[in-house]
Amino acid sequence: MILQQLSEAFGVSGQEDAVRKIILSAIKDHATDIRIDPMGSITAFKKGTSRNRPRVMLAAHMDEIGFMVTGIGGDGLIKFTNIGGIDERILPALRVKIGENAVPGVIIWTPIHKSSGQNTPLKVSDLRIDIGANSKDEVNGKVKLGDRIVFDSQYMEIGSKMLRGKAFDDRVGCSLLIDILQSGPYPVDILAAFTVQEEIGLRGAKVAAQRLNPDVAIALEGTTANDLPNPHAEPDDDITANPACKLGDGPVLTVMDARLIVPPGLLGFLRSTASKHDIPYQLKTQPGGGTDAGAIHLTNAGVPSAVISLPCRYIHSPMAYLNRDDYENTLRLLKAALTDLKWDVLR
């Protein structure tokens, strides 16, 4: 599994170079017409075997959430802002790496026992990064304005089922797409797109879809699993009423989100394919969030689009968790869908 390399790579939105290098090496012998478009996304083609075949775009984004250096204080502390959606509450005391030289640092905040405003909402603008410098002069040459910042995290396998690492949103989708290109062939044409800048507005996917002009699209994602006990729940609360996804329950099929309503026929095809092949699956019905499919389905004359995701705990944090069985079942579903997809699903 190439997921470890992808997870540990430095790839904040707009600076996906390290991730792109890993992917290009992995697919060079398994696809044709491999290109890097003006936005920086990778597109590639895998020819299908059927005579009259749909062109299926599979999209996974290379970028991850992170930060950018916005200032350097006279005391040697680094000011920064977020790139993508990050919950500020998780940031104090986290380790990070800054810039191309991966300068190590720690996000600092006034210790809670010395803070007079303990109930004041935390803001990124209140935080700084300490790289061990005591003055602005000591920082010069190590860190500069505009440098990207990532979480300092290591990939790890925990037991026989669990995988832990950063950027599973969406390096897990990239890993799945690599697996697809390295297998097959399939009856359909595969238009692969490893996109950029999803976390800041689905930008790369829009450009890639306009050029590829697919008949149908599937976004491959890591999505939120909120399957832990609620400490504030009443004893008689029905936890099954929570529509959040769970680890171990299989791939997640989106019904709708903030940017997309999946066509009922396409969603029905994915559900029936999963049932046909005895693949467990779950549905995402929460209206929040969005994926590359939100941009793809609006391109050109419109593209029927769906989303297949892996549930991940602690997404958009330094350490996400996913279940190995979920990965294998998602790959099984994707392969089955690419094998069974016919034109009548799109009519």
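Annotations
- Some residue of the range 8-23 being acidic (Asp, Glu), buried (at least 17 other Cβ atoms within 10 Å of the Cβ) and in the same structural domain as residue 184 (by TED's automatic domain parsing): yes
- The test for being at pLDDT below 95 and touching a Lys or Arg at 6+ places or on another chain (Cβ under 7 Å) holds for residue 88.
- Condition met for residue 40 (small (Gly, Ala, Ser) and over 19 Å from the mean Cα position of the chain (by Cα)): no
- Selected residue (criterion: farthest from residue 107 (Cα to Cα)) from residues of the range 54-68 that are surrounded by 21 or more Cβ atoms within 10 Å (Cβ to Cβ) and of a type in the set (A, V, I, L, M): 56
- Condition met for residue 171 (among the basic types (Lys, Arg), in contact (Cβ under 8 Å) with a residue 12 or more places away in the chain and outside any helix (DSSP H, G or I)): no
- Yes/no for residue 126 being free of Cβ contacts under 8 Å to residues at least 24 places away in the same chain, in the same structural domain as residue 101 (by TED's automatic domain parsing), on the phi < 0 side of the Ramachandran plot and not small (Gly, Ala, Ser): yes
- For residue 54: the one exception among (1) under 30 Å from residue 318 (Cα atoms); (2) in contact with a strand residue (DSSP E or B) (Cβ under 8 Å, 6 or more places away or on another chain): (1)
- Residues that are within 23 Å of residue 99 (Cα to Cα), at pLDDT below 95 and in contact with a Lys or Arg (Cβ under 9 Å, 6 or more places away or on another chain), drawn from the range 135-190: 153, 154
- Helices (runs of 4 or more DSSP H) completely within the range 257-347 that count 2 or more residues being within 25 Å of residue 86 (Cα to Cα), out of contact with any strand residue (DSSP E or B) (no Cβ under 7 Å at 6 or more places or on another chain) and in contact (Cβ under 8 Å) with a residue 12 or more places away in the chain: 293-296
The values are calculated or read from the model by the stated rules, or taken from the named source; none is laboratory data. This one's a predicted model, so the numbers in the text were calculated from it and none came from an experiment. Note that each Cβ is placed from the backbone with ideal geometry, even for glycine, and that neighbours are counted across all protein chains shown.
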